[in-house]
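**Student:** Pasting a structure here, questions to come.
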Amino acid sequence: MKAHRIAFALLALGCGATQKAAPPAPPPPTVFVQTLAKRDLPLFVEAVGTLDGYVNAELRARVRGILENQLYKDGGAVKQGQVLFTIEGAEYQAALASAKANLARAQAAQSRNQTQLERAQGLIKTGMSSQQDLDNAQAAALDANAQVDAAKAALRQAQLNVSYTQIHAPISGVAGVALVRAGNLVGQDGPTLLATVSQLDPVRVNFPLSENDYVRHPERFRDLDHRDLAWAKKQFLKFDKGGVADGGDPGIQLVLSDGTTFAKRGVIVSVNRQIDASTGTIQVQALVPNPTGALRPGQYARVRIEQQGEGKGVITVPEKALISVQGTYSVGVVAADNKVSLRKVEVGQSAQGQRIIEKGLQEGERIVVEGVQKIADGALVDAKPQPAPGAPASEPGRTATVKN
């Protein structure tokens, strides 16, 4: 009986040791997968552009005097020919009156000397006057004519000075904040800058384009000599109707600082004469319609130019699905038995959070797009389809706890 009890105790101890040595295996990690399919991915050339007015006209005081009035609102719209500033003009009005009087005196002297010349010419024929008298009369007449010309020039200058006491808008547009206020002396040491008027519809966009992109797409820069403002406005009308510009050009887009895309498309109108050797870029200028005046000089925007004919029927993967190690890229491919294999791929251009795969993947294969950090080559996973955008989803690999 005692032997039986010892044997039973040993058997119990053996069973306990077996249970502790074999714990249950952990479940495979949950990952989200995506089935690859060919798609069209719009590709763009992007550059940082600076905006400027189509025309920027500086308003300067061209005569010396006290600034009397500012006749527009800072930052307001102005019309061509509108008076924007006035300078005290009494001094110049007096100078104008003096110039008119001097001209009248010179014309009177001219008339007198012309009469004396004609008399001398008649007397010399009768022998009652010498050649010396005739020569003197001719010289006096010429001098009088010159005095009239000088008086006319002085009168014209006086009239210009009077006109300069009123500063008009040379173009229609938006006038900036005045740099000098009424009551200040202007024009003392040269033409004083008072304000700047900018024509804002359209605006100019200046941006650098890489030499490679410039060479790859020569069709964008054909017939630049004919791309003036009138031509650009015709292209804007085509864009408004949902079309493209001449030659099938889709135009350029502006992405503003808040990430929004400006509603109007623009066109390239000029290219600089040379490539900057230090940066490998060439300066390009485009015109963009700005009917509401929302775009302003000095503003920055990302310029996007669609790469026509590229990104058609390609295989893409989300950027977050790529595993990068020392310049090489791999993707977790999930087989039918839910085993993962890490496969090296060759990547191409990226856009909209997607990267084109040049080599290494085929249509119909499944890849890991969520939970990449939990996979290893040959590991078994619990593969679930990637949720649709906006749909709630739990984090891959995390198990929900249910309370009873």
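**Student:** If only one of R204, R181 is surrounded by 15 or more Cβ atoms within 10 Å (Cβ to Cβ), basic (K, R) and modelled with pLDDT of 90 or more, which one is it? Write out each step before concluding.
**Tutor:** Values: R181 fails: surrounded by 15 or more Cβ atoms within 10 Å (Cβ to Cβ).
Of the residues listed, the single one that is surrounded by 15 or more Cβ atoms within 10 Å (Cβ to Cβ), basic (K, R) and modelled with pLDDT of 90 or more is R204.
**Student:** Answer yes if at least one residue in the stretch 176-191 is in contact (Cβ under 8 Å) with a residue 60 or more places away in the chain, in contact with a Leu (Cβ under 9 Å, 6 or more places away or on another chain), outside any loop (DSSP other than H, G, I, E, B) and not assigned by TED's automatic domain parsing to the domain that holds P297, and no otherwise.
**Tutor:** Checked against the condition, which is being in contact (Cβ under 8 Å) with a residue 60 or more places away in the chain, in contact with a Leu (Cβ under 9 Å, 6 or more places away or on another chain), outside any loop (DSSP other than H, G, I, E, B) and not assigned by TED's automatic domain parsing to the domain that holds P297, the stretch 176-191 yields at least one hit.
**Student:** Consider E306 carefully, then state whether it is under 28 Å from Y214 (Cα atoms) and either in the same structural domain as A286 (by TED's automatic domain parsing) or touching a residue at least 24 places away in the same chain (Cβ under 8 Å) (or both).
**Tutor:** Criteria met by E306.
**Student:** Regarding the stretch 228-239, can at least one residue be identified that is assigned by TED's automatic domain parsing to the domain that holds Q285, closer than 15 Å to E46 by Cα, surrounded by 13 or more Cβ atoms within 10 Å (Cβ to Cβ) and of a type outside the set (D, E, K, R)? It would help to see each step written out before you state the result.
**Tutor:** Here is the first cut: in the stretch 228-239, the ones assigned by TED's automatic domain parsing to the domain that holds Q285 are 228-239.
So of that shortlist, the ones also closer than 15 Å to E46 by Cα come out as none.
No, the stretch 228-239 has no match at all.
**Student:** Any residue that is assigned by TED's automatic domain parsing to the domain that holds G353 and of a type in the set (S, T, N, Q) - is there at least one of those in the stretch 97-111? Show your work before the answer.
**Tutor:** Within the stretch 97-111, the first condition is being assigned by TED's automatic domain parsing to the domain that holds G353, and the residues that meet it are none.
The answer is no; no qualifying residue exists.
**Student:** Give me the pairs: first residue in the stretch 231-251 and basic (K, R), second residue crowded, with 20+ Cβ neighbours inside 10 Å, beta-carbon distance under 7 Å, and six or more apart or on different chains, which are they?
**Tutor:** K238/A245
**Student:** May I pose another question? Any chance you could count how many residues in the stretch 260-285 are within 15 Å of Q235 (Cβ to Cβ) and either touching a Leu at 6+ places or on another chain (Cβ under 9 Å) or at pLDDT below 95 (or both)?
**Tutor:** Let us first name the residues in the stretch 260-285 that are within 15 Å of Q235 (Cβ to Cβ), namely 264-270, 285.
Narrowing further to those that are either touching a Leu at 6+ places or on another chain (Cβ under 9 Å) or at pLDDT below 95 (or both): 264-270.
Matching residues across the stretch 260-285 total 7.
**Student:** Touching a His at 6+ places or on another chain (Cβ under 9 Å), closer than 15 Å to V45 by Cα and in a strand (DSSP E or B): is that true of I305 in this structure?
**Tutor:** Values: touching a His at 6+ places or on another chain (Cβ under 9 Å): yes; closer than 15 Å to V45 by Cα: yes; in a strand (DSSP E or B): yes.
When the stated conditions are applied, I305 passes them.
**Student:** Continuing with the same structure: For A169, are the conditions met, namely being touching a residue at least 60 places away in the same chain (Cβ under 8 Å), small (G, A, S), within 30 Å of K100 (Cβ to Cβ) and outside the structural domain of L256 (by TED's automatic domain parsing)?
**Tutor:** yes
**Student:** Can you name the residue in the stretch 36-63 that is among the β-branched types (V, I, T) and either modelled with pLDDT of 90 or more or not in a strand (DSSP E or B) (or both) and, of all such residues, is surrounded by the most Cβ atoms within 10 Å (Cβ to Cβ)?
**Tutor:** That would be V63.
**Student:** Continuing with this model, one more query. Out of the stretch 123-144, which residues are within 16 Å of A108 (Cβ to Cβ) and surrounded by 15 or more Cβ atoms within 10 Å (Cβ to Cβ)?
**Tutor:** Narrowing the stretch 123-144 to residues within 16 Å of A108 (Cβ to Cβ): 140-141, 143-144.
Correct list: A140, A141, A144.
**Student:** Let me ask something else about it. Which condition does G298 not pass, out of (1) among the small types (G, A, S); (2) over 24 Å from T50 (Cα atoms); (3) part of a loop (DSSP other than H, G, I, E, B), if it passes all the others?
**Tutor:** The single condition G298 does not satisfy is (2).
The values are calculated or read from the model by the stated rules, or taken from the named source; none is laboratory data. Note that the structure is predicted; figures quoted are calculated from it, not measured. Ideal geometry is used to build each Cβ from the backbone, glycine not excepted, and the neighbour counts take in all protein chains shown.
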